[in-house]
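The values are calculated or read from the model by the stated rules, or taken from the named source; none is laboratory data. This is a predicted model, so every value here is computed, not measured. For neighbour counting, all protein chains shown are included, and Cβ atoms are generated from backbone atoms with ideal geometry for every residue, glycine included.
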Amino acid sequence: MNWIEITNLSQLSDIKNLSKAKPQLIFKHSTRCSISSMAKSRLERGSEPEGIDFYYLDLIKHKDISQQVASMFNVSHESPQVLLIKNEECVYDESHSGITMDEIVEQSEA
């Protein structure tokens with residue numbers, strides 16, 4: 001998995017702009033949570049689809065960015081959580097054991 005780490009707020013605007021051309025996925029991960037680690041591992045074991053950029057946000061290091069993600073894309077904060085961004089909007093979000101690569105792929109093609 002080729003994760004792009006989110007480390008500053010300006011990246012959120014970039015993600016929004018890039019979503020006009022292709023889907024962008026944000027994985028919000030708590031490094032202190034075993035469920036979050038399990039969800040991350042499940043994604044990494046799946047086949048990474050072409051045509052989606054995968055971003056990783058460490059919630060412990062970047063709480064401010066996590067709050068901005070929730071606000072910008074009008075979603076409730078959860079951890080772990082995936083958000084699929086297309087055409088500047090969150091078109092899919094899922095958390096905990098509902099996070100699967102198959103569902104991400106299906107939603108990206110919708």
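Would you say Lys28 is closer than 19 Å to Gln11 by Cα and either surrounded by 14 or more Cβ atoms within 10 Å (Cβ to Cβ) or in contact with a strand residue (DSSP E or B) (Cβ under 6 Å, 6 or more places away or on another chain) (or both)?
yes
Regarding Lys16, is this residue in a loop (DSSP other than H, G, I, E, B) and touching a helix residue (DSSP H, G or I) at 6+ places or on another chain (Cβ under 9 Å)?
Against the criterion (in a loop (DSSP other than H, G, I, E, B) and touching a helix residue (DSSP H, G or I) at 6+ places or on another chain (Cβ under 9 Å)), Lys16 does not qualify.
Taking the condition of being surrounded by fewer than 19 Cβ atoms within 10 Å (Cβ to Cβ) and modelled with pLDDT of 95 or more, how many residues in segment 76-85 meet it?
0
If you scan segment 76-88, which residues turn out to be over 23 Å from Ser34 (Cβ atoms) and in contact with a helix residue (DSSP H, G or I) (Cβ under 9 Å, 6 or more places away or on another chain)? Give the steps one after another, and end with the answer.
To start, the set of residues in segment 76-88 that are over 23 Å from Ser34 (Cβ atoms) comprises 84-88.
Once the filter is applied, which keeps residues that are over 23 Å from Ser34 (Cβ atoms) and in contact with a helix residue (DSSP H, G or I) (Cβ under 9 Å, 6 or more places away or on another chain), segment 76-88 yields Leu84, Ile85, Lys86, Glu88.
Being surrounded by fewer than 17 Cβ atoms within 10 Å (Cβ to Cβ) and on the phi < 0 side of the Ramachandran plot is the filter here; which residues of segment 86-104 pass it?
The answer is Glu89, Val91, Ser97, Gly98, Thr100, Asp102, Glu103.
Of (1) in contact (Cβ under 8 Å) with a residue 24 or more places away in the chain; (2) closer than 15 Å to Gln107 by Cα; (3) surrounded by 14 or more Cβ atoms within 10 Å (Cβ to Cβ), Lys22 satisfies all except one. Which?
Among (1) in contact (Cβ under 8 Å) with a residue 24 or more places away in the chain; (2) closer than 15 Å to Gln107 by Cα; (3) surrounded by 14 or more Cβ atoms within 10 Å (Cβ to Cβ), the lone unmet condition for Lys22 is (3).
Which pairs have Cβ atoms under 9 Å, sit 6 or more apart or on different chains, and link a residue in segment 32-44 that is closer than 13 Å to Ile60 by Cβ and without any contact (Cβ under 8 Å) to a residue 40 or more places away in the chain to one that is surrounded by fewer than 20 Cβ atoms within 10 Å (Cβ to Cβ) and among the aliphatic types (A, V, I, L, M)?
Arg32/Ile60
If you take the residues in segment 1-20 that are more than 11 Å from the chain's Cα centre (by Cα) and closer than 21 Å to Asp102 by Cα, which one is modelled with the lowest pLDDT?
Only one residue tops the list, namely Met1.
List the pairs whose first member sits in segment 85-110 and is farther than 15 Å from Lys16 by Cα, whose second member is among the hydrophobic types (A, V, I, L, M, F, W, C) and surrounded by fewer than 15 Cβ atoms within 10 Å (Cβ to Cβ), and whose Cβ atoms are under 7 Å apart, counting only residues at least 6 apart or on separate chains?
Final answer for the pair search is His96/Ile35.
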